[in-house]
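Notes follow once the structure below has been shown.
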Amino acid sequence: MELIFEKSVPNRRGFQVPESDVPGKAQIPDKYKRSADSQLPEITELDCIRHYTHLSQRNFSIDTNFYPLGSCTMKYNPKFTEVAARLPGFANLHPLLPQLQLEGGLTQGALQVLYDMDQFLCAMTGMDHFTMQPLAGAHGELTGVMMIAAYHKAKGNKKKYMIVPDSAHGTNPASAAIAGYEIISIPTNKDGVWDLPKLKEKLTPEVAAVMLTCPDTLGIFNPEIDKITKIVHQVDGLMYYDGANLNAILGRCRPGDLGFDVMHVNLHKTFTTPHGGGGPGAGPVGVKKELAKFLPVSRVVKRQDGTLTLDYDYPDSIGYIASFYGNFALILRAYAYILMIGKEGLLETSNHAVLNANYIKERLKKYYVLPYDRICMHECVFSASKQTERGVHAIDIAKYLIDQGIHPPTVYFPLVVKEAVMIEPTETESKKTLDKFIDVMIEIDELSQKTPQIFKDLPKTTPITRPDEVKAARDLDTNYFLKTKI
Amino acid sequence: MNPYIANTNDDVQRMLEVIGIKSIDDLFADIKPQHRPKSFDLPKSKSEFEVLQHLQRLASKNANHLIPFIGAGYYDHYIPAAVNALISRGEFYTAYTPYQPECSQGTLQALYEYQSAICTLTNMEVANASLYDGGTALYEAVMMAIRITNRNKIIVDSGVNPIYRKILRSYTANLSIQFMETPVVHGQGDRGQIEKFLNDQTAAVILQNPNFFGAIDDHSDIVKKAHERGILVIESVYPIALGLLKTPGEMGVDIVTGEGQSLGLPLNFGGPYLGFMATKKEFIRKMPGRIIGQTLDTQGRRCFVNTLQAREQHIRREKATSNICTNVSLCAVQAAMFMSLLGRQGLKQLAQLNLDKAEFTRQTLAKIKGVEVKRSSPTFNEFTVCLPKDASEVVVAMIEYGFAAGFPAGRYFPGMERYLIIAVTEKRTKEEIVRFAQNLEAVLWN
């Protein structure tokens, strides 16, 4: 498809800039001016509408396709939350208004949203305080790890290591490394959970914290989780909970009760703010009260008269981790969603998310290798190793699914499973949709036995066939206007 | 049951049979009784209508009626209706990261076009597909400069947004990075002070254009001196201003970052916003964040993919260039739509209109007794005035007249309590500006 720049025709307009209503045309000295105009396209509004509408039609999305992308919780995004986020009283609110009148008087409604969300997330997770500021899950991890570092520094603890499972999201070790820790990776045992003896071996007083998601990325809830938190606390290590998989356990258990000290929640997963083709996300971080003084500033606090204000006066705080109060428009969407589905809905959410995943797991395990055959939580992980022996890899399965109008599951993650196919259906999908998906997966298994060669040319129904990724990295072209080689 | 759960009771029964269990509770057997929640105290469910009513009530408690003359890095620009219409398409906003390029060409091409638009706007060679916001983008630029130079001292001009500077400090608290802040003189960066710190341990100089006080500058001379010592220059920019201003590329800047909110994103009480980053091609492998590249499919057709993924956390884990996973893809696409609608001429005209209105406001305010309009350096759509009273008291008084009158500089700059930073976008009418000046005069002298 043509690029928008290739549709440009000199002197076309997509937007009418208003005539000036003030006298005079101001000049800035030439020394400070750009020497040539930008090469932004010149198109009409209709050109623009058609271009992006056509582009949008080249995407799979939740609104158009089943999207069982493991570990991403691609549930339906209710439309009324979009209306909520666009209410002018919120959407047009300047983030520095609280700096005009320091008592928070100009933004009481917005502060109420932040305050209530803090309360809701505490009630759901068993933590004592939340900050809404982190702008994505990985940003939340970094914030959490920074608080862990501040905690140990304040206690005079000499800590060097962060322990993560080998099945962890890549962001866990990356976030810990950026905050200055060295990483120790602990393997998964034959039951799909942490190898406890291996953990004990590595657990020295120099361990700052253990980062864990539970259920883990294999979709398994570790029944020995309390043993882990106990032994980690014995060396004054902290427990970090990666909330990526919170959708499985709402109302069933709370990380705070399990002994976790710090956690983040991905609002764009469990609380259904749109994924946006890769963000914006939101990753609020919760802590137990022992760590509250390290939370980033500002914090929303309630005064005795019931009004809310922003408080910056926390000398032990890790400081500013974002410019303002978080991705407010996303927090607002999540808030609207929680208010609407309420306590009952939250419980149903995990019930059906887990039911759907187990249904898929049971029906497909005859056809695909299930490395850990036990009850799973919100997602199940198969290995396409049997199909791979026939020449059909996880990636080939993914491409076949695309031709059937289904977004592929996550493939090749977690790294601990060979040819992994990680399926997370979510609660918003029906048995009928799951059955269709299961049928296609069974068909793939049959085809892998009969005609494995057909997979190599898939997908066929999409606007493009398989891209040459090697060429993309070798002949780098990331900017239309750059005519020289990178 | 809420409308987002699809299974009927019948479905549930049949599914339980397939799984071979009696009830949904059996699925949670791994969660032992002692692990059950101590409480789960959340409100009862409400209808969509009731929730929206509640939110309307909350929205009305925000002082959204104030006419904004406040900017400080976040600006009240008009967003063309077409932008909202396009970005509301579910195919864009309910998709995820384009891991499967064949069914994500919409997002991928839009992001490639976004990268290209950022490059032509800044005159840089390569851009990434976005970072969280302007502040965190600047932090990422600092880390990138440290990776490139293997040095650990950073010079920060005080004209850089003070919020960004606070972010830099908190992120690097546990790392061995030294920041040296240099003052602003007559509105612009202090060349003499900056030069003093240019040595072989310095990784980068951070500048901002226009700076926090609104002053514009040509940093070419600083770039030249920095490069002589192998030091990189990072510049944070305001994209609307680039419709007119000398670009970082023309100045020879190495890494450009900025807040892209002004490119068609609502103010949203602080987010989501758009951090953008562009650099020279030689540094592309050191740049954090997703990068979209053009390539060909098996039939030789143009297509787009995530490229250079070997820098990223899902592959490199603790050795990645950054921990960033999700960026702000949708905001980047929204900015691309905005830039496409405005186009080459529209952006320049918009910038000129901002300049004209700000200049008119400057002249109008200069006529008020006791208001000293700083003229030592040229400005774009924001400028600093010195008032005969404490600016933080003046802005409180201006609320009564219906204005968010500007940013009181004293909030972040001790000693500047009488200074007010005023922003004027294309949305401010002559009538508003005149009334603003009249009311300001009343506040100062009545």
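The values are calculated or read from the model by the stated rules, or taken from the named source; none is laboratory data. Remember, predicted model here, so these are calculated numbers, not experimental data. Here the Cβ positions follow ideal geometry from the backbone for every residue, glycine too, while neighbour counts run over all protein chains shown.
Considering only the stretch A:216-233, state which residues are in a helix (DSSP H, G or I) and of a type in the set (Val, Ile, Thr).
Passing the criteria: A:Ile225, A:Ile228, A:Thr229, A:Ile231, A:Val232.
Step by step: first the residues of the stretch B:220-238, then only those that are away from chain A (no Cβ under 14 Å) and part of a loop (DSSP other than H, G, I, E, B), then the one that is farthest from the chain's Cα centre (by Cα). Which residue is that?
Filtering first and then ranking leaves B:Arg229.
Kindly provide the set of residues from the stretch B:80-97 that are crowded, with 19+ Cβ neighbours inside 10 Å and more than 7 Å from chain A (Cβ to nearest Cβ), ordered by number.
Correct list: B:Val83, B:Ile87.
Go over the candidates B:Glu432, B:Glu441, B:Glu359, B:Glu382 one by one and state the one that is touching a residue at least 60 places away in the same chain (Cβ under 8 Å), surrounded by 21 or more Cβ atoms within 10 Å (Cβ to Cβ) and among the acidic types (Asp, Glu).
Result: B:Glu382 is the single residue among B:Glu432, B:Glu441, B:Glu359, B:Glu382 that is touching a residue at least 60 places away in the same chain (Cβ under 8 Å), surrounded by 21 or more Cβ atoms within 10 Å (Cβ to Cβ) and among the acidic types (Asp, Glu).
Quick one: how many residues across the stretch A:40-71 are facing another protein chain (nearest Cβ under 7 Å) and surrounded by 18 or more Cβ atoms within 10 Å (Cβ to Cβ)?
The number of residues fulfilling the criteria is 16.
Testing A:Val417 on (1) buried (at least 21 other Cβ atoms within 10 Å of the Cβ); (2) touching a Cys at 6+ places or on another chain (Cβ under 9 Å); (3) in a loop (DSSP other than H, G, I, E, B), one condition comes back false. Which one is that?
Exception for A:Val417: condition (2).
Can you pull out the residues in the stretch B:98-117 that are buried (at least 24 other Cβ atoms within 10 Å of the Cβ) and outside any helix (DSSP H, G or I)?
B:Pro98, B:Ser104
Yes/no per residue for (1) basic (Lys, Arg); (2) in a helix (DSSP H, G or I); (3) outside the structural domain of A:Val300 (by TED's automatic domain parsing):
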| site | (1), (2), (3) |
| --- | --- |
| A:Phe324 | no, no, no |
| A:Ala329 | no, yes, no |
| A:Glu344 | no, yes, yes |
| A:His352 | no, yes, yes |
| A:Tyr359 | no, yes, yes |
| A:Tyr372 | no, no, yes |
| A:Cys376 | no, no, yes |
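Among (1) within 30 Å of A:Gly105 (Cβ to Cβ); (2) surrounded by 20 or more Cβ atoms within 10 Å (Cβ to Cβ), there is one condition B:Lys61 misses while meeting the rest; what is its number?
B:Lys61 satisfies every listed condition except (2).
Would you say B:Gly343 is at positive phi, without any contact (Cβ under 8 Å) to a residue 60 or more places away in the chain and part of a loop (DSSP other than H, G, I, E, B)?
For B:Gly343, the condition - at positive phi, without any contact (Cβ under 8 Å) to a residue 60 or more places away in the chain and part of a loop (DSSP other than H, G, I, E, B) - is not met.
Please work out which residue is farthest from B:Val233 (Cα to Cα), limiting yourself to the stretch B:178-202 and to residues that are crowded, with 18+ Cβ neighbours inside 10 Å and in contact (Cβ under 8 Å) with a residue 60 or more places away in the chain.
B:Gly187
Tell me, please, whether a residue that is of a type outside the set (D, E, K, R), surrounded by fewer than 23 Cβ atoms within 10 Å (Cβ to Cβ) and either at positive phi or at pLDDT 95 or above (or both) can be found in the stretch A:279-291.
No, that holds for no residue.
Give the stretch A:427-463 a look and list any residue that's in a loop (DSSP other than H, G, I, E, B), within 28 Å of the chain's Cα centre (by Cα) and touching a residue at least 12 places away in the same chain (Cβ under 8 Å), or say none.
Correct list: A:Glu427, A:Thr428, A:Glu429, A:Pro459, A:Thr462, A:Pro463.
If the requirement is being surrounded by 18 or more Cβ atoms within 10 Å (Cβ to Cβ), over 30 Å from B:Lys32 (Cβ atoms) and not small (Gly, Ala, Ser), which of these qualifies: A:His378, A:His407?
A:His407
Pick from the stretch B:384-422 the residues that are among the aromatic types (Phe, Trp, Tyr) and under 26 Å from the mean Cα position of the chain (by Cα): which of them is nearest to the other protein chains (Cβ to nearest Cβ)?
Only one residue fits best here, namely B:Phe407.
For the condition among the charged types (D, E, K, R), more than 30 Å from B:Leu16 (Cβ to Cβ) and crowded, with 22+ Cβ neighbours inside 10 Å, what is the one hit in A:Arg303, A:Arg390, A:Arg333?
Exactly one of A:Arg303, A:Arg390, A:Arg333 is among the charged types (D, E, K, R), more than 30 Å from B:Leu16 (Cβ to Cβ) and crowded, with 22+ Cβ neighbours inside 10 Å, namely A:Arg333.
Suppose we keep only residues that are of a type in the set (Asp, Glu) and more than 7 Å from chain A (Cβ to nearest Cβ) within the stretch B:239-280. Which one would you say is farthest from the chain's Cα centre (by Cα)?
B:Asp254
What number of residues within the stretch B:385-399 are of a type outside the set (Val, Ile, Thr) and without any contact (Cβ under 8 Å) to a residue 12 or more places away in the chain?
1
Which residue, of B:Val305, B:Val237, B:Val223, B:Val256, is surrounded by 24 or more Cβ atoms within 10 Å (Cβ to Cβ) and either under 30 Å from A:Leu111 (Cα atoms) or without any contact (Cβ under 8 Å) to a residue 40 or more places away in the chain (or both)?
The unique qualifying residue is B:Val237.
Does any residue of the stretch B:158-168 turn out to be more than 17 Å from A:Ile321 (Cα to Cα) and at pLDDT 95 or above?
Yes; the residues of the stretch B:158-168 include at least one that is more than 17 Å from A:Ile321 (Cα to Cα) and at pLDDT 95 or above.
Residues to consider are A:Asp37, A:Asp116, A:Asp47; find the one that is in contact (Cβ under 8 Å) with a residue 40 or more places away in the chain, over 30 Å from B:Ala6 (Cβ atoms) and among the acidic types (Asp, Glu).
Testing whether each residue is in contact (Cβ under 8 Å) with a residue 40 or more places away in the chain, over 30 Å from B:Ala6 (Cβ atoms) and among the acidic types (Asp, Glu) leaves just A:Asp47.
Which residue, of A:Leu203, A:Leu199, A:Leu114, is closer than 30 Å to B:Asn62 by Cβ, assigned by TED's automatic domain parsing to the domain that holds A:Pro223 and surrounded by 20 or more Cβ atoms within 10 Å (Cβ to Cβ)?
So the residue among A:Leu203, A:Leu199, A:Leu114 that is closer than 30 Å to B:Asn62 by Cβ, assigned by TED's automatic domain parsing to the domain that holds A:Pro223 and surrounded by 20 or more Cβ atoms within 10 Å (Cβ to Cβ) is A:Leu114.
Of the numbered conditions (1) more than 22 Å from B:Ser88 (Cα to Cα); (2) among the hydroxyl-bearing types (Ser, Thr, Tyr); (3) within 11 Å of chain B (Cβ to nearest Cβ), A:Tyr335 satisfies every one except a single condition; which is it?
(1)
Among the residues in the stretch B:43-52, are any in the same structural domain as B:Lys246 (by TED's automatic domain parsing) and of a type in the set (S, T, N, Q)?
Checked against the condition, which is being in the same structural domain as B:Lys246 (by TED's automatic domain parsing) and of a type in the set (S, T, N, Q), the stretch B:43-52 yields no hits at all.
Filter the helices (runs of 4 or more DSSP H) completely within the stretch B:118-219 down to those with at least 3 residues that are within 11 Å of chain A (Cβ to nearest Cβ).
In the stretch B:118-219, the matching helices (runs of 4 or more DSSP H) lie at B:134-149, B:162-171.
Are any residues in the stretch B:348-402 outside any helix (DSSP H, G or I) and charged (D, E, K, R), and if so, which ones?
B:Lys367, B:Lys369, B:Glu372, B:Lys374, B:Arg375, B:Glu382, B:Lys389, B:Asp390
Can you tell which of B:Phe28, B:Phe49, B:Phe69 is surrounded by 13 or more Cβ atoms within 10 Å (Cβ to Cβ) and either of a type outside the set (A, V, I, L, M, F, W, C) or free of Cβ contacts under 8 Å to residues at least 60 places away in the same chain (or both)?
Among B:Phe28, B:Phe49, B:Phe69, only B:Phe28 is surrounded by 13 or more Cβ atoms within 10 Å (Cβ to Cβ) and either of a type outside the set (A, V, I, L, M, F, W, C) or free of Cβ contacts under 8 Å to residues at least 60 places away in the same chain (or both).
Check whether at least one residue in the stretch B:60-67 is more than 7 Å from chain A (Cβ to nearest Cβ) and among the small types (Gly, Ala, Ser), and report yes or no.
no
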